């Protein structure tokens, strides 16, 4: 249970029922081997808790925004990429219980697994501490993402954003080049560079060429000072 204690310190939550948190970080691949509970049901509950907390916060604090605007902002705040950032803030990938096979194929850094785990952790806090504690926890941890969403600083399509930035002063020659790939066919990682007018602007990787290109574009945007961590 040492890992659970360390994770509690990162989350700044002292669980009464520590098994709740353990279940929240248990992937199905591990649970199936051990015949124990895993986090899928908690993900379901955590998604609902997160949605209502963010919805209420936006409703009360942005009364000048229409229903449509609020819906779009909420979607950005609770999207998979935003949850992935939260997971990285918590170093959640280090604490997920998963099978060796899942780990070998990149499970600890897979966006979907980490995002789902964030929702499960939120549910475990809600069940252990109640709604008001969970609400404060969510708003404390999501405040930066909420602020970025309301300032239109969250980008879902980095390639399109990079193209807009680089072409605002005229045509630009933007190329994405495959540098290499590695790993087995069922879990191959691709490495791609983005070149602007013959100059290297970023290199990224991913488990598909599309994902690697988006990663390279994101790094390029950071390089030229268009987005910040």
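The values are calculated or read from the model by the stated rules, or taken from the named source; none is laboratory data. This is a predicted model, so every value here is computed, not measured. Don't worry about glycine lacking a Cβ; one is built from the backbone with ideal geometry, like all the others, and counts go over all protein chains shown.
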Original post:
Within the range 9-19, is there a residue that is over 16 Å from residue 141 (Cβ atoms), touching a residue at least 60 places away in the same chain (Cβ under 8 Å), surrounded by fewer than 19 Cβ atoms within 10 Å (Cβ to Cβ) and assigned by TED's automatic domain parsing to the domain that holds residue 125?
Top reply: yes
**OP:** Test residue 13 against the criterion of being under 21 Å from the mean Cα position of the chain (by Cα) and in a loop (DSSP other than H, G, I, E, B), and give yes or no.
**Re:** yes
**OP:** State yes or no: is residue 78 within 30 Å of residue 33 (Cα to Cα) and modelled with pLDDT of 90 or more?
**Re:** no
Original post:
Among the residues of the range 142-162, is there at least one that is surrounded by 12 or more Cβ atoms within 10 Å (Cβ to Cβ), touching a helix residue (DSSP H, G or I) at 6+ places or on another chain (Cβ under 9 Å) and closer than 30 Å to residue 19 by Cβ?
Top reply: yes
Subject >> Pair list, Cβ under 9 Å, 6 or more apart: the range 37-65 residue at pLDDT below 95, other residue assigned to a loop (DSSP other than H, G, I, E, B) and surrounded by 14 or more Cβ atoms within 10 Å (Cβ to Cβ) >> reply: 38/27
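Within the range 38-52, is there a residue that is farther than 13 Å from residue 121 by Cβ and in contact with a strand residue (DSSP E or B) (Cβ under 7 Å, 6 or more places away or on another chain)? So that I can check it myself, show each step before the final result.
Of the residues in the range 38-52, the ones farther than 13 Å from residue 121 by Cβ are 38, 40-41, 44, 48, 51-52.
Going one step further and asking which of them are in contact with a strand residue (DSSP E or B) (Cβ under 7 Å, 6 or more places away or on another chain), we end up with 38.
There is at least one residue in the range 38-52 that is farther than 13 Å from residue 121 by Cβ and in contact with a strand residue (DSSP E or B) (Cβ under 7 Å, 6 or more places away or on another chain).
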Original post:
If you check residue 69 against the conditions, is it out of contact with any strand residue (DSSP E or B) (no Cβ under 7 Å at 6 or more places or on another chain), farther than 18 Å from residue 146 by Cβ and free of Cβ contacts under 8 Å to residues at least 40 places away in the same chain?
Top reply: no
Subject >> Among (1) surrounded by fewer than 22 Cβ atoms within 10 Å (Cβ to Cβ); (2) under 24 Å from residue 15 (Cβ atoms), the one test that residue 105 misses >> reply: (2)
